[in-house]
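Input: a single structure, listed below in structure tokens.
The values are calculated or read from the model by the stated rules, or taken from the named source; none is laboratory data. Every value quoted in this text rests on a predicted model; they were computed, and no experiment measured them. Glycine gets a Cβ as well: all are built from the backbone with ideal geometry, and neighbour counts include every protein chain shown.
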Amino acid sequence: NRVFNVGDQVLLFNSRLKIFSGKLKSSWSGPFTIAKAFPYGTVELSSANGPNFKVNGHRIKHYFGGDVPQLVVPDLQTFPLAQP
């Protein structure tokens, strides 16, 4: 669902992050709140600790709660060792 409304919580894709971080770092930051919607997909985002700023709507996705992962770690499984 790519419809965004004022007041929605969203995450912002940060494409510049790939240059400075490792493969496991998340490229999404936030959450931010949509303060205003403009024509042609531009939205204004607000956060509690900074000024509002405008971004293209293609760079955001809905945020549904929970922690924003800082590291993406694959599921690790442990297996008992067979006795020799």
> How many residues does segment 30-53 contain that are part of a strand (DSSP E or B) and either among the β-branched types (Val, Ile, Thr) or under 17 Å from Gly65 (Cβ atoms) (or both)?
Replying inline: 8
> Of the residues that sit in segment 30-54 and are surrounded by 14 or more Cβ atoms within 10 Å (Cβ to Cβ) and within 15 Å of Val3 (Cβ to Cβ), which one is modelled with the lowest pLDDT?
Replying inline: Gly41
> What do you reckon, is Ser27 at pLDDT below 90, polar (S, T, N, Q), under 23 Å from Gly66 (Cβ atoms) and more than 13 Å from the chain's Cα centre (by Cα)?
Replying inline: no
